[in-house]
Each structure stands twice: as C-alpha cells, then as structure tokens.
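Let me begin by presenting the structure, written as structure tokens, before commenting on it.
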Amino acid sequence: MEPQLSYTVADSVATVVIEYPPKRNAMTAAMWRALPPLLEALAADPGVRVLVLTGAGGTFCAGADISTLQGSPRQAQELAVAAEEALAAFPKPTLAAVRGHCVGGGAQLAAACDLRFAEEGALFGVTPANLGIVYPASATRRLVSLVGPATAKYLLFSGELIDTDRALRTGLVDEVLPEGELGKRVAEFTRVLAAKSLLTQAAAKEFADGRTDRDGHWAERARASGDTAEGVAAFLERRQPRFTWTTSG
C-alpha cells in the first residue's frame, strides 16, 4: 500500500486516516505536506462539524518515516511542526482515536487534537532523545499543557513508552476503551459533539488554547448567529436544538 492520508465525511464528522501499515503508519514527508491543505479544505466545508484523526489497521502512527526524511532533519521537523500547528488551529472539535503505537510524530499529532480516546493496549511515547533531535518548542509547550512539566520531562528525557493507564492518569488521554469498543465510543461521542453549538465550541477552543483577547469578536458572532436564540427556544420547547452557525460563515 502506498502511504497516504485518506478521509471520509459522514453525519457531519470527517475522519482522516493515516495509512501506511507496512511501517505502522509512519508519516512520510509527502504525508506531512498533505495534512495542512487537507485540514484547510475540511475546515471550509460547512458539512463538517467534527474531525477524527486515526490510523489504519491496529495502530495510530509510529512517528516519522525516517527513510524519507534523511539529509535534512531541520526540514523534516519544519514539516511536522507545520502539520501539528494546522491541526491545533483547526477551528472545529478534533479527536484522536488511538490504537496501538502513538509514538514520536504520532504523539505530536495526537497532542495537537482537542481530545484523545485510546483503546486498551495502546502505547505512547515522545522519542526525540532516541535520535538526538531537539523537540520543537511548540510541541513541548503543548505536551506540558496536557501532562504537566514533570511528566513531559519524563517522556522527553527518557523516550520510554507508557501504557494507557499512565496516559489516562497523567492527562495524555481523556478516555480508555476496552478492545473493540473504541470505534463505537468515538462514533457515539462525535454525534454528541456534532449536535452541539459549533459557535460555543469554536470560542471555547480559542479561549482554552490561550487566545483570550477576542471576547468582543465572539459576542458579536453570538448576536449574529442565531444559535443562542435557537438554543433558548429549544430548551423552552423541550426539543433538540438545530444549530446552524459554521466557522465558514
């Protein structure tokens, strides 16, 4: 199978799949380059309200395919950072669905998602110390914000892999599911997310990620969107709201 990023859209949920099973879904240079424009297109699609990132088969992503990145480590890191930042900036809720190995660049991508659900048996590792690579400042800050300085240092200093119990305990993942249950839970939860106000979610995402200077911007969006009026009306009428605001509007 040729390495690629594939995607589908169903019920307002875009699912992006990292596909390179012979190398446990390691990201090639071409795949790193392909991710930002793919995310840009999905962000502009009003039919997409949630994005799921996952890997083909039984693993998430084993990192970067070193064989395609030799000769220019700095360029390789720049590609990974650009992809990570594009994922972190995606204006709609994002969820990493993790099976198997989530290591190196794979952990970098998972950390850039808003949420991470993992199947029991998954393994996580941040491994630049194994290769003598300086982990990017943006990725380091994001890791620290998830797990705290001590655990981030443990992962970065040692390059050791941790299991789902420790990943859940330290905040690296949000839910751990029994084998065979991850897909069902992700589908269930993304349906919940897709039914909620994307206006609320987009504003909360900005604020939670540290951009707290746009209260006025979001207040104006709320007034113009109709989401608030719809939410209140649905509550009073005891029905499900039908939120229509999109980030492309």
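Read the figures in this text as sums done on the coordinates, not as results from a lab. Just so it is clear, the model here is predicted, and its values are computed rather than measured. Note that each Cβ is placed from the backbone with ideal geometry, even for glycine, and that neighbours are counted across all protein chains shown.
Structure notes:
- Among PRO128, THR28, CYS113 the positive-end extreme of the charge dipole of the chain (Cβ point charges): CYS113
- Low-density loop positions, GluC sites (Glu not before Pro), region 109-213 - DSSP coil, at most 11 other Cβ in 10 Å: GLU179
- Shown here is the pair-distance distribution of region 1-93: with all Cα-Cα distances grouped in 5 Å bins from zero up to the longest one, the shares run 3, 14, 24, 24, 19, 11, 4, 1, 0 percent.
- Within the chain, antiparallel bridges make up roughly 25 percent of the DSSP beta bridges whose residues both belong there.
- Dipole check for region 32-122: with +1 at the C-beta of Lys and Arg, -1 at the C-beta of Asp and Glu, and the Cα centre as origin, the magnitude is about 40 Debye.
- The chain: most fluctuating residue of GLN201, GLN108, GLN75 per GNM, C-alpha cutoff 10 Å: GLN75
- Gaussian network model of the chain, springs between alpha carbon atoms under 10 Å - residue of ALA41, ALA152, ALA89 with greatest fluctuation: ALA41
- Sparse-neighbourhood loop sites, chymotrypsin sites (Phe, Trp or Tyr not before Pro) in region 1-103 - DSSP loop, at most 15 other Cβ within 10 angstrom: none
- Among ALA139, ALA110, ALA82, the largest mean-square fluctuation in a Gaussian network model of the chain, built with springs joining Cα atoms closer than 10 Å, belongs to ALA82.
- Stretching the chain fully between ARG169 and GLU181 yields a gain of 2.3 nm (0.36 nm per residue, less the alpha carbon separation).
- Qualifying lysines (Cα of each under 24 Å from Cα of LYS153; at least 8 residues distant if same chain): none
- Ellipsoid semi-axes for region 4-193, based on the Cα gyration tensor and the rule √(5λ), read 23, 20, 15 Å when sorted largest first.
- Cβ charges +1 (Lys, Arg) and -1 (Asp, Glu), total dipole of region 51-203, debye: 360
- Proximal lysines to LYS196, defined as alpha-carbon separation beneath 23 angstrom and excluding residues fewer than eight positions away on the same chain: LYS92, LYS184, LYS205
- Candidate aspartates and glutamates for bridging to LYS23, where Cα separation is under 16 Å - those fewer than 8 sequence places away on the same chain excluded: GLU2, ASP65
- Counted over region 198-237 with a bin width of 10 Å, the fraction of Cα pairs per bin, in whole percents, is 29, 47, 21, 3.
- Placing a label point 7 Å from the Cα of GLU237 along the Cα-to-Cβ direction, the residues of region 187-205 with a backbone N closer than 19 Å are 195-198.
- Think of region 109-249 as having a plus end and a minus end, set by charges on the Cβ of Lys, Arg, Asp and Glu; of LEU146, VAL173, ALA233, ALA233 sits farthest toward the positive end of this dipole.
- The helix-based estimate of mean residue ellipticity at 222 nm for the chain, built from -39,500 (n - 2.57) per DSSP H run of four or more residues and divided by its residue count, is -14500 deg cm²/dmol to the nearest 500.
- Between the exposed loop cleavage positions of the chain, defined as trypsin sites (Lys or Arg not before Pro) in a non-H, G, I, E, B DSSP state with at most 12 neighbouring beta-carbon atoms within 10 angstrom, the longest gap is 1-210.
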